[in-house]
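Participant: Pasting in a structure now, in structure tokens, and then I'll have a few things to ask.
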Amino acid sequence: MLPSPPADATRVHLASTVEVNYWCQTLNCTETRLRNAVLAVGPLAADVRAYLER
């Protein structure tokens, strides 16, 4: 079961543990992969998703 979506589901906010957990579960990735994706393409969720699906 996924946690509740963040208030702004268009951006990945790495400062919030709750949001990091949400995005890791939603995108089926580790925290390290999530953080690397945000560093590579920025915080927009669509860009992060596309990066992780490559």
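The values are calculated or read from the model by the stated rules, or taken from the named source; none is laboratory data. All values reported here derive from a predicted model rather than from experimental measurement. Heads up, the Cβs are rebuilt from the backbone with ideal geometry, glycines too, and the neighbour counts pull from every protein chain shown. Keep in mind that these areas ignore ligands, DNA and RNA; they rest on the heavy atoms of the full protein, side chains included. Shrake-Rupley method; radii C 1.70, N 1.55, O 1.52, S 1.80 Å.
Participant: Tell me which residues, restricted to segment 23-51, are among the hydroxyl-bearing types (Ser, Thr, Tyr) and part of a loop (DSSP other than H, G, I, E, B).
Facilitator: The answer is Thr30, and nothing else.
Participant: Just to be sure I understand the filter: pairs with C-beta atoms under 7 Å, separated by 6 or more residues or on different chains, first member in segment 25-54 and at pLDDT 95 or above, second member hydroxyl-bearing (Ser, Thr, Tyr) and part of a helix (DSSP H, G or I). Which pairs pass?
Facilitator: Ala37/Tyr51; Ala40/Tyr51; Val41/Tyr51
Participant: Tell me yes or no: at least one residue of segment 6-22 is aromatic (Phe, Trp, Tyr), touching a Pro at 6+ places or on another chain (Cβ under 8 Å), part of a helix (DSSP H, G or I) and open to solvent by less than 80 Å² (accessible area, probe 1.4 Å).
Facilitator: yes
Participant: Could we say that Arg54 is assigned to a helix (DSSP H, G or I) and basic (Lys, Arg) here?
Facilitator: When the stated conditions are applied, Arg54 does not pass them.
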